[in-house]
Every structure is written in structure tokens, then in C-alpha cells.
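Step one of this worksheet: look at the structure below.
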Amino acid sequence: MDYILNPWPWYITGPLIAIVMFLLVSFGKTFGMSSNLRTICSIGGAGKYASFFDFNWKEQQWNLWVAVGSIIGGFIAVHFLSNSNPIDINPSTIEVLSSYGFNGPEANLAPAELYSFEALKNPFNLFLLVIGGIFIGFGTRYAGGCTSGHAITGLSNLQLPSLVAVIGFFIGGLLMTHILFPLIFL
Amino acid sequence: MKALKFLFTGIFFGIVLTKSQAISWYRIVEMFRFESFHMYGIIGSAVVTGVILIQLSKKLKLKTTEGDLISLPQKAKKYKSALLGGTIFGLGWALAGACPGPMFILLGAGYYSIAIVLVSSIVGTFIYGLVADRLP
């Protein structure tokens, strides 16, 4: 039972993620979670404002079911398939984060210092989450995919644009973590 | 009924990603600080498995459940937007500690304020749609 309740190692979960991608491909679809954001815009009537959203969203309904499923999956994994052992983060990462005012992760997946309702009473934290979200939504559509569409699916299909996009993901991530984090949190 | 197989695929995805800890904000910071192999192992082994599965099914001419040959769409050869868009996404990914899949999964995992990131990402997608024609 501990095998299930403890975190699963990368060499198990990596191939399982590839199987998710392959399942969707074998259903005649593709693996891309950020496309759902465009679909949601379209359902909300964004087609009136930009032709980018003017498409038959019903053909993308299957992907919304994947998104709904992933919400349920997160619920199941946390409530029935996990123990409360702390997440095994490198102590030097924890040390740097503590200098930014973040405590260790314990068993939390997201930091209370940014994500708790208490933290969100501070407008600056709210602003950070809003900016983060806008960058995620804008960037993925501009790049034509996110981690699932470019990094997993695109690279699996040996697509050069996907490799370029993943290099971009890392340029952005490194900029944020090494240059901007000290400015934001110190 | 057609929706069920997608629902179950999503449930499986949500469980795997939660159990892999790839939806952890801390794991993302650790990855970008190069202080753990964990995330690289996940992405790397997913890509290696994915390449094998896709190339093999092309060789064996496997068919989808709809009866077509298995194939993946070619990504548009827009390198500049891939790099610029990718960089913007990377900034958001590292700040919020979640990419689009984990945004949904974290919601189910009980981190309700991720909804702020999710709604904002829908706004970000909308902004992209408005200005898409004017971008480099």
C-alpha cells in the first residue's frame, strides 16, 4: 500500500504521462490542456470580438471532459491515494525559498504564503497570481501549446517548433526564478 | 457515452500528475534552480516513451478507434512566436508554479485559489486572441 500512498517515482509517472498522450492520440485526438482555455473563451462568446475564437467549440468538447476528469483525478489522488509525508524538496531550494519568506512545503503542493485565503488578503499576492495566469494563457496560445502540447506531444513527434517553444519555457522560467524572484520576494 | 473515455483519461492524468508531484509549486522552483533531477526525469522519460509509442505505431500502421491511421498534427513552423510565447508562458509557469493541466488538477486537489490563476489564464488567452494579428 505504501507504494501507492508514497509519491510515485519519475520513471513510473513519466511513461504514464506518455500513455495519457498516446490514449488521446489513439482516440483520434491530441494531448493539449491549454486549448481548453481557448474553447472556454469561445463558449463565453469571445468569437464576437476576435475571429480566433470563432470556431465550432462543440468539436473540442472531448477536451473539456479531459479537464473535468483531471479535476476529479486531483481530488481522488489527494484524498484516497496520498499520505501526509512532506514533499522531498532539495534542502538548498528550501533554504533559498525561506530567504524569500516561504516556509518548507510540508505536504503542501502550493505555498500557503501565496495561495492561502489569508495570503490573498494582501493585494500584491493576488496581483502575482493574476499576472501569472495572464502570462500562462497569453503565452501558451502565442506559442501554440503548453507543457502537454509542446513538451510531451510535440517532442514525441519530433517537432522542431516544439523544441523551440520548450527552450522558450525555460528562458522564461529561469528569468522568473533567478532574476525576478529576488526582486519580487526579497 | 463517448465522453466517458475522455473523462476517465482525464481522471488518470490527474492522479498520475498529482502522484508525480509535477503539480507542486516547489518542484517547479526546484527544477528551474537545477536542484533536482525529478522533473527532468518525468519530462524526459515521458518524451522517450512518447517517441517510442508514436514511431512504433507509425511503423506498425496502427489505427485510431475512429479507424484512421495514427498521426499527430504538425506544429506550425512559427519559430519566433514559439520562442516569444514560450518565454511568456515560462514566466507565468514559474511564478504561479502551475501549467494549464495542473491548474485544473490543483483545483480538484483542494487548492481553490488556483481558480484565480485559471480565470486569469482564460483572460490571457482572450487578450491573445484580440491582439494575435498584431504580434510578431
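Some points to look at:
- Checking each residue in the stretch A:51-65 for being among the hydrophobic types (A, V, I, L, M, F, W, C) and surrounded by 18 or more Cβ atoms within 10 Å (Cβ to Cβ) picks out A:52, A:53, A:57, A:62, A:64, A:65.
- Qualifying residue in the stretch A:47-58 (condition: under 16 Å from residue B:118 (Cα atoms) and not acidic (Asp, Glu)): no
- Residue satisfying condition, being more than 7 Å from every other protein chain (Cβ to nearest Cβ), closer than 25 Å to residue A:14 by Cα and without any contact (Cβ under 8 Å) to a residue 24 or more places away in the chain, within set A:180, A:160, A:114: A:160
- Here residue B:111 meets each of (1) under 27 Å from residue A:134 (Cβ atoms); (2) of a type outside the set (D, E, K, R); (3) more than 7 Å from every other protein chain (Cβ to nearest Cβ); (4) not in a helix (DSSP H, G or I) with one exception, condition (3).
- Flag set for residue B:100, criterion: of a type outside the set (Val, Ile, Thr) and under 14 Å from the mean Cα position of the chain (by Cα).
- The stretch A:7-24: number of residues that are in contact (Cβ under 8 Å) with a residue 40 or more places away in the chain and more than 15 Å from residue A:74 (Cα to Cα): 3
- Test for residue A:74: is it at the interface with chain B (Cβ under 7 Å from one of its Cβ atoms), surrounded by fewer than 24 Cβ atoms within 10 Å (Cβ to Cβ) and within 27 Å of residue B:51 (Cα to Cα): no
- Test result for residue B:85, part of a helix (DSSP H, G or I), touching a helix residue (DSSP H, G or I) at 6+ places or on another chain (Cβ under 9 Å) and crowded, with 20+ Cβ neighbours inside 10 Å: yes
- Residue B:89 vs. criteria aromatic (Phe, Trp, Tyr), modelled with pLDDT of 95 or more and touching a Cys at 6+ places or on another chain (Cβ under 9 Å): yes
Quick grid of which residues meet (1) crowded, with 22+ Cβ neighbours inside 10 Å; (2) within 7 Å of another protein chain (Cβ to nearest Cβ); (3) under 30 Å from residue B:69 (Cα atoms):
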| position | (1), (2), (3) |
| --- | --- |
| A:44 | no, no, no |
| A:87 | no, yes, no |
| A:94 | no, no, no |
| A:106 | no, no, no |
| A:121 | no, no, no |
| A:127 | no, no, no |
| A:142 | yes, yes, yes |
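- A single member of B:44, B:50 is closer than 19 Å to residue A:156 by Cα, at pLDDT 95 or above, surrounded by fewer than 20 Cβ atoms within 10 Å (Cβ to Cβ) and at the interface with chain A (Cβ under 7 Å from one of its Cβ atoms), and it is B:44.
- Filtered residues of the stretch B:24-79 (kept if among the charged types (D, E, K, R), part of a loop (DSSP other than H, G, I, E, B) and within 21 Å of residue A:167 (Cβ to Cβ)): B:33, B:35, B:75, B:77, B:78
The values are calculated or read from the model by the stated rules, or taken from the named source; none is laboratory data. Quick caveat, the model's predicted, so the values are computed rather than measured. Every residue, glycine among them, receives a Cβ derived from its backbone with ideal geometry; neighbour counts consider all protein chains shown.
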